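Novice: Pasting a structure here, questions to come.
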Amino acid sequence: MKIQKFVLLVFLVGICLLLLTLQTRGYGSAAGDLFAIVTTPIQTGLAKASHATFGLWATYLDWKNVRAENRRLREEVQQLRVQALRVSDTDVENRRLRRLLTLQERLPLTTLSGEIIAREWGGWIRSLTVNRGRGDNIPRLSAVISPDGLVGRIVDVRPGASIVQVLTDPASTVGAHVLRTRTPGIVEGDPRGTLRFKFMARDGASIQSGDVLVTAGQGGLFPRGIPIGTVRVIDNRGAALFHYAELTPAVDFARIDEVLLVTGDTQRDVTAYFPKDG
Amino acid sequence: MRGLLVLTVAGGSVAHATLTPLVSVRGMTPDLPLIMVSLLALRRGSEFGCLAGFVTGLLQDAAGGGLIGVQGLTKAVIGFGIGVAGSRLRVSQPLVQVPGLVVLTIAEGLARFALLQIFRFPAPFGELMMYVVIPQALFNGFVGAAVVLSLAGVQALRARFEGEPS
């Protein structure tokens, strides 16, 4: 048995040596060709299989990377959007405050700036809450204005905050006149949230759509000349004593964030300090 | 079973040239057929080891494009030697097998170098040892350790399942 094993070893070693000798003497190509017939197809198949497998793997990795990159880019876009919104928001606020400050500096009135901290926007009451209260010595019925025009008046002063009755409140009335014709009348709020101008028919024949209304400044409550709104539609009631005109408010009450509270003398004409077109 | 063994030996040695570059580390590749021949010789004896080494080596030579017969000879001798050693010495422990694989790879490298010298294919000995044989020997040691441990794990699992009463 042992001898058999050694015979096998010697035989195989002999074959190898013979092959090597033949190759070194120039007869190697035939043996190489013979082996190539066996090995080449297997190698080709394996190479194809490995390429396919690794190609698939590479595709999977690419897909995974693309997914991860997609997620990352989405997050980045989201962050940039938030950032852009913040920037534009800050820019808008900056412009708004600058307008308010400019008005405050130019106006020949004693004013105090305030920030809107709450809004009551139901049909019954339309009011705003300003962060200025008893501690700021805000008198009741003070006029509240913005760079666009009249907002309303303070109806309640509390510690740290005040309630502003907005012009569109159904209980609000303000003495006003048409800037172009000097037609006097009263601006009232109505439950729909709009403004209307009540005037005597005989005085208001020449009122037109687009006319600007400003405060009359007669009751000593509001300074004269603060824009209230522009005439949108005239409601001609024929032979009635009073006619009405629907107004577009000069101030967008739903969007206003900062206001000026007129705390001092109100006996001044401030028409020149506001835009003429209402 | 025998068919599977033949397929493993023949296919594995041809696959070596195609697939091992994929697992190369800095251009260094393990000699998987040598590991396979060593483990088969330990389990199946010197005759099988010798034949497996011969076939594997020849196919490796043919697939790799070298002198056909160099690896056939060295691997046949190694397969035979390990088969004989396995029956006489205690070489079944992984702690022996892994350093054994390192030593075997170096021995095979030396034998190949000698054969190439004899058959007038001179190669620089120092560089060959430094950049090819020793790195490959170390790589073989690591891969061999992984294979030996995996086989031991599989065997333990098999024994556990077979030992469980049905």
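Novice: Once B and A are treated as a pair rather than alone, how much accessible area drops out, both sides summed, in Å² to 100, probe 1.4 Å?
Specialist: Buried: approximately 2400 Å² between A and B.
Novice: Please give the peptides A:58-65, A:160-167, A:133-140 ranked by average Cβ packing (other Cβ atoms within 10 Å per residue), highest first, as a rough proxy for protection.
Specialist: Listed from highest to lowest mean packing, they are A:160-167, A:133-140, A:58-65.
Novice: Sticking with this structure for a sec: Under the definition of partner shielding as Cβ atoms of other protein chains within 10 Å of a residue Cβ, what is the mean value for peptide A:13-25?
Specialist: Partner-chain Cβ atoms within 10 Å, mean over residues of A:13-25: 6.
Novice: I'd like the Karplus ³J(HN,Hα) series for segment A:94-106: coefficients 6.51, -1.76, 1.60, θ = phi - 60°, whole numbers in Hz, and an x wherever there's a Gly or Pro.
Specialist: Using θ = phi - 60°, the values come out as 4, 5, 4, 5, 5, 4, 5, 5, 4, 4, 4, 6, 7 Hz.
Novice: Rounded to the nearest 0.05, what FRET efficiency is calculated for B:Gln155 and A:Arg81 with R0 set to 60 Å and r the Cβ-Cβ distance?
Specialist: Once rounded, the FRET efficiency stands at 0.50.
Novice: Applying the Karplus parametrisation 6.51 cos²θ - 1.76 cosθ + 1.60 with θ = phi - 60° to the phi angles of segment A:50-55, what ³J(HN,Hα) value in whole Hz is obtained for each residue in order, glycine and proline being reported as x?
Specialist: Computed from phi, the couplings for segment A:50-55 are 5, 5, 5, 4, 6, x Hz.
Novice: Using only the Cα atoms of the protein assembly as shown, what semi-axes does the equivalent ellipsoid have when each is the square root of 5 times a gyration tensor eigenvalue? Give whole Å, largest first.
Specialist: For the protein assembly as shown, the ellipsoid semi-axes come out as 108, 23, 20 Å.
Novice: In a GNM of chain A with a 10 Å cut-off on Cα contacts, which of A:Arg153, A:Arg67, A:Arg232 has the highest mean-square fluctuation?
Specialist: A:Arg67
Novice: When ligands, DNA and RNA are left out and all protein chains stay put, how many square angstrom of accessible area per residue does segment A:1-106 have with a 1.4 Å probe?
Specialist: 81 Å²
Novice: Here's another thing I want to ask about it. Under the Kirkwood approximation for Rh and a Cα-based Rg, what ratio Rg/Rh is obtained for segment A:82-129?
Specialist: Here Rg/Rh amounts to 1.12.
Novice: At 1.4 Å probe size, with every protein chain present, just tell me what the per residue accessible area of segment A:141-278 comes to in Å².
Specialist: Per-residue accessible area for segment A:141-278 comes out at 42 Å².
Novice: Also, I was wondering about something else. At a 1.4 Å probe radius, carbon and sulfur cover how many percent of the accessible area of the protein assembly as shown?
Specialist: Carbon with sulfur: 61 percent of the solvent-accessible area.
Novice: Along segment A:72-86, what does the Karplus equation 6.51 cos²θ - 1.76 cosθ + 1.60 (θ = phi - 60°) give for ³J(HN,Hα), rounded to whole Hz, x for Gly and Pro?
Specialist: 4, 5, 4, 4, 5, 4, 4, 4, 5, 4, 4, 4, 4, 4, 4
Novice: Average partner chain C-beta neighbours within 10 Å, per residue of B:115-125?
Specialist: Other-chain Cβ atoms within 10 Å of each residue's Cβ, averaged: 2.
Novice: With a point put 7 Å past each Cα toward its Cβ, work out how far A:Arg202 is from B:Val25 in nm, to one decimal.
Specialist: Spacing of the two 7 Å Cα→Cβ label points: 11.0 nm.
Novice: Residues of B:68-74, mean number of Cβ from any other protein chain within 10 Å of their own Cβ, rounded to a whole number?
Specialist: 6
Novice: To continue, here is another question. So how do B:134-147, A:256-269 stack up, highest first, on mean other-Cβ count within 10 Å?
Specialist: Ranked by mean Cβ neighbours within 10 Å, highest first: B:134-147, A:256-269.
Novice: Now for a different question. Listed highest first by mean packing, meaning other Cβ atoms within 10 Å per residue, what order do A:49-55, B:46-52 come in?
Specialist: The peptides rank, most packed first, as B:46-52, A:49-55.
Novice: Amide H neighbours of A:Val151 under 5 Å, counting only residues 5+ apart in sequence or on other chains, H built in-plane at 1.01 Å?
Specialist: A:Val144, A:Ile145, A:Ser146
The values are calculated or read from the model by the stated rules, or taken from the named source; none is laboratory data. Quick caveat, the model's predicted, so the values are computed rather than measured. Cβ sites come from the backbone with ideal geometry, for glycine too, and all protein chains shown count toward neighbours. For accessibility, only protein heavy atoms count, side chains too; no ligands or nucleic acids. Shrake-Rupley method; radii C 1.70, N 1.55, O 1.52, S 1.80 Å.
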